[in-house]
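A.B. asks: This is the structure, below, for whatever I ask next.
The values are calculated or read from the model by the stated rules, or taken from the named source; none is laboratory data. None of these values were measured; they are calculated from a predicted model. A quick note on method: Cβ atoms are made from the backbone with ideal geometry, for glycine too, and the neighbour counts reach across all protein chains shown.
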Amino acid sequence: MDNHMFAATELNQKNQRTEKLVRLLFILMAGLLILPVLIILFTLVYKGSSILSIDFLFTNPTNGMTEGGIFPALLGTIWLVVVALIVSVPLGIAAAIYLSEYAPDNWGTRLINLAIINLAGVPSIVHALFGLGAFVVFFNFGTSILAASLTLAIMTLPVVIVATRESLQAVPHAFREACWNMGATRWQTIRRVVLPNAVSGILTGVILEVSRSAGETAPIMFTGAVFFSPFLPQGVMDQTMAMSLHLFVVSTQVPNVPENLPYGVALVLIGMVLIMNSISIAFRMHLRGKKKW
Amino acid sequence: MVSDTNPVKLEIQNLTIRYGGQAAISGVNLSIREHEIFGIIGPANAGKTSFLKAINRMDMFDSNMRVEGNILFNGQDVRKLRNIYALRSRIGVVFPLPVGLPMSVYDNVALSARLRGIKERAELDLIVERCLTRAALWDEVKDRLDTLGSLLSGGQQQRLTIARALSQEPELLMLDEFSIAVDPVTTMRIEDVLKELKSEMTIILVTNLVQQARRLADRTAFFLDGGCVEVAQTEALFTQQTRDPRTRDYVEGRFG
């Protein structure tokens, strides 16, 4: 009677019941996370998709912003994000390489790490006021794409640094030592062995930064973004409209806006971020598919 | 048999290595001559690996590791050298755990040459083939030189590591229990290669297999508890002419 050995005792049964219950609870909690995302997306599509058209994307707002399209805001957001990336990506990656590959473990390094953590915790409205004081007034850039993008860059820098540092650290130390032992300098080792294997992680940091800077409103509203501008920005010293601020304006500041307009703006904004994210995620998966060790 | 008149390649004077407060090596003196295979045997924790690490300045990677004494490579104290990179490029190292770098087999072996600035494909091809052949790996990988080195089997990765060390065209090759991850047949092939390489370079062979030291080494040192108990002609060490009873016990397998 072998079976007898495996007959469930009362204690077994109780444990198994608890196991099922706990598991269900965790699944529920994890499932709850998708709910807000689904609700937001559904609402935006339901209420905003009726206004979407090529014209909506590529024409100026008209009639006190209650009609027409969103082209200046769309273009403005692209300007802001791209200029912010140009500043923060090289800066952030260089800083992360120093912290991961060169920095000795001393109080100076710890101070820098502490600064990064604190920078990540500064509320965006404080960044906005800092940007206003530093870039608009002190450096005299005026309210411009440059000032707004620099503010965004500083705000998102910690994300790039932390993501880059983590992905550099994920490359096994033995690879570095093997390379150093052949007489390679630190930089030769970084360039030939460490960086090529950290690209996908670094990309994650950049994705996060893009999504965050495209959606931020506070840091740009005092530094470079305007309610309405009949002109498209021609360079980094121009002011510009931006999607996030435009959404704020059409939802709360302008009377008699048709209901589907703000939803349409929000839908385009979220769509931009999602498209950028999916391109980067696809690229990452492609890189990760070539599993290296 | 290496003649005693061969010039000294490596002179170790009063070498002491500490990790934190713990001494791993204390007061070791010995000299290694050009074109000899110098065996180092001894039980775990004898300080064999630390000894190798001090020679190519790997103490720089470990803030815990403190080295005292003199290590003269070609008569120059490695601890006073400013150009560490030149030193390391002249010393090939192979550790027990193989490291296949996450790049193609070809790039693994071509790396050292590329670091030296060699770019010509034909020259690189030649180096890659020669080193892989010597490491007894060429036949297995010649048709898939573009697979990732880090995805080879353990034994193959170890031979790749050896090929990479050889590609440095080192003056000194340091092997630390290289055969741990390699099958016996391949080990024998590599041992044969080492005997040939002797004419081109000096070799330090740290091994747990006393018989391997006996097969290969011209002279052998016995390390125990961070000290060098004795250095002798290998045959003498294995034929009871040891000065120290502890060496005899170890060689005959009575402890360790």
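A.B. asks: Hey, can you tell me all the residues within the stretch B:74-93 that are within 16 Å of B:N14 (Cβ to Cβ) and in contact (Cβ under 8 Å) with a residue 12 or more places away in the chain? Walk me through how you get there before you give the answer.
C.D. replies: The initial filter retains those residues of the stretch B:74-93 that are within 16 Å of B:N14 (Cβ to Cβ), namely B:77-80.
B:V78, B:R79, listed by residue number.
A.B. asks: For residues in the stretch A:185-204 being of a type in the set (V, I, T) and within 8 Å of chain B (Cβ to nearest Cβ), which is surrounded by the fewest Cβ atoms within 10 Å (Cβ to Cβ)?
C.D. replies: A:T185
A.B. asks: Give the residues of the stretch B:215-233 that are in a helix (DSSP H, G or I) and either touching a Leu at 6+ places or on another chain (Cβ under 8 Å) or without any contact (Cβ under 8 Å) to a residue 24 or more places away in the chain (or both), sorted by residue number.
C.D. replies: Selection gives B:L216 alone.
A.B. asks: If you scan the stretch B:23-78, which residues turn out to be assigned to a loop (DSSP other than H, G, I, E, B), within 29 Å of A:E101 (Cα to Cα), in contact with a helix residue (DSSP H, G or I) (Cβ under 7 Å, 6 or more places away or on another chain) and of a type outside the set (K, R)?
C.D. replies: Residues satisfying the conditions are B:N56, B:V78.
A.B. asks: If the requirement is being more than 15 Å from the chain's Cα centre (by Cα) and of a type in the set (D, E, K, R), which of these qualifies: A:R186, A:R212?
C.D. replies: Answer to the check: A:R186.
A.B. asks: Also: If you scan the stretch A:8-46, which residues turn out to be part of a helix (DSSP H, G or I) and either touching a residue at least 12 places away in the same chain (Cβ under 8 Å) or touching a helix residue (DSSP H, G or I) at 6+ places or on another chain (Cβ under 9 Å) (or both)?
C.D. replies: Across the stretch A:8-46, the qualifying residues are A:I40, A:L41, A:T43, A:L44, A:V45, A:Y46.
A.B. asks: Continuing with this model, one more query. Suppose the filter is within 19 Å of the chain's Cα centre (by Cα) and in contact (Cβ under 8 Å) with a residue 40 or more places away in the chain; does B:N64 pass it?
C.D. replies: no
A.B. asks: In the set A:L245, A:L203, which member is touching a strand residue (DSSP E or B) at 6+ places or on another chain (Cβ under 7 Å) and assigned to a helix (DSSP H, G or I)? Talk me through it step by step, then tell me what you get.
C.D. replies: Details: A:L203 fails: touching a strand residue (DSSP E or B) at 6+ places or on another chain (Cβ under 7 Å).
Step by step, each of A:L245, A:L203 is checked, and only A:L245 is touching a strand residue (DSSP E or B) at 6+ places or on another chain (Cβ under 7 Å) and assigned to a helix (DSSP H, G or I).
A.B. asks: Restricting to the stretch B:90-117, and then to whatever is more than 9 Å from chain A (Cβ to nearest Cβ) and assigned to a strand (DSSP E or B), can you tell me which residue is surrounded by the most Cβ atoms within 10 Å (Cβ to Cβ)?
C.D. replies: Applying the first criterion (more than 9 Å from chain A (Cβ to nearest Cβ)) to the stretch B:90-117 yields B:94, B:96, B:98, B:104-106, B:108-110, B:113, B:117.
Next, from what is left, pick out any that are assigned to a strand (DSSP E or B): B:94, B:104.
Numbers: B:V94: 28, B:S104: 16.
Of everything passing the filter in the stretch B:90-117, B:V94 is surrounded by the most Cβ atoms within 10 Å (Cβ to Cβ).
A.B. asks: Quick one: how many residues across the stretch A:47-59 are touching a residue at least 40 places away in the same chain (Cβ under 8 Å) and out of contact with any Phe, Trp or Tyr (no Cβ under 6 Å at 6 or more places or on another chain)?
C.D. replies: Restricting attention to the stretch A:47-59, the residues satisfying the condition of being touching a residue at least 40 places away in the same chain (Cβ under 8 Å) are A:47-52, A:56-57.
Checking the rest, the ones that are also out of contact with any Phe, Trp or Tyr (no Cβ under 6 Å at 6 or more places or on another chain) come to A:49-52, A:56-57.
Counting residues in the stretch A:47-59 that are touching a residue at least 40 places away in the same chain (Cβ under 8 Å) and out of contact with any Phe, Trp or Tyr (no Cβ under 6 Å at 6 or more places or on another chain) gives 6.
A.B. asks: Which number in (1) away from chain A (no Cβ under 14 Å); (2) farther than 25 Å from A:V194 by Cα marks the one condition that B:E120 misses?
C.D. replies: Here B:E120 meets the rest and fails (2).
A.B. asks: Report the residue count in the stretch B:28-71 for those that are surrounded by fewer than 17 Cβ atoms within 10 Å (Cβ to Cβ) and away from every other protein chain (no Cβ under 14 Å).
C.D. replies: 9
A.B. asks: Report whether or not B:L87 is farther than 28 Å from B:R246 by Cα, part of a loop (DSSP other than H, G, I, E, B) and within 13 Å of chain A (Cβ to nearest Cβ).
C.D. replies: No: the conditions fail for B:L87.
A.B. asks: Taking B:R79 as the residue in question, decide whether it is more than 7 Å from every other protein chain (Cβ to nearest Cβ), over 21 Å from B:L151 (Cβ atoms), out of contact with any strand residue (DSSP E or B) (no Cβ under 9 Å at 6 or more places or on another chain) and surrounded by fewer than 20 Cβ atoms within 10 Å (Cβ to Cβ).
C.D. replies: Here the answer is no, as B:R79 does not meet what is asked.
A.B. asks: Of all the residues that make up the stretch B:214-246, how many are farther than 21 Å from B:L175 by Cβ, surrounded by 15 or more Cβ atoms within 10 Å (Cβ to Cβ) and of a type in the set (S, T, Y)?
C.D. replies: Of the residues in the stretch B:214-246, 1 are farther than 21 Å from B:L175 by Cβ, surrounded by 15 or more Cβ atoms within 10 Å (Cβ to Cβ) and of a type in the set (S, T, Y).
A.B. asks: Looking at (1) free of Cβ contacts under 8 Å to residues at least 40 places away in the same chain; (2) under 15 Å from A:S149 (Cβ atoms), find the lone condition where A:E216 falls short.
C.D. replies: (1)
A.B. asks: Quick test for you: out of B:D176, B:D146, B:D107, pick the one residue that is at pLDDT 90 or above, in contact with a helix residue (DSSP H, G or I) (Cβ under 6 Å, 6 or more places away or on another chain) and of a type in the set (D, E, K, R).
C.D. replies: Exactly one residue qualifies, and that residue is B:D176.
A.B. asks: Only residues that are under 15 Å from the mean Cα position of the chain (by Cα) and farther than 14 Å from B:L97 by Cβ: list them for the stretch B:149-163, please.
C.D. replies: B:A163
A.B. asks: Please pick out the residue among A:M155, A:M221, A:M182 that is within 14 Å of chain B (Cβ to nearest Cβ) and either touching a helix residue (DSSP H, G or I) at 6+ places or on another chain (Cβ under 8 Å) or surrounded by 21 or more Cβ atoms within 10 Å (Cβ to Cβ) (or both).
C.D. replies: Working: A:M155 fails: within 14 Å of chain B (Cβ to nearest Cβ); A:M221 fails: within 14 Å of chain B (Cβ to nearest Cβ).
Exactly one residue qualifies, and that residue is A:M182.
A.B. asks: Also, quick follow-up: Take B:L166 and decide whether it is within 12 Å of chain A (Cβ to nearest Cβ), part of a helix (DSSP H, G or I), in contact (Cβ under 8 Å) with a residue 60 or more places away in the chain and touching a Lys or Arg at 6+ places or on another chain (Cβ under 8 Å).
C.D. replies: Answer is yes for this residue.
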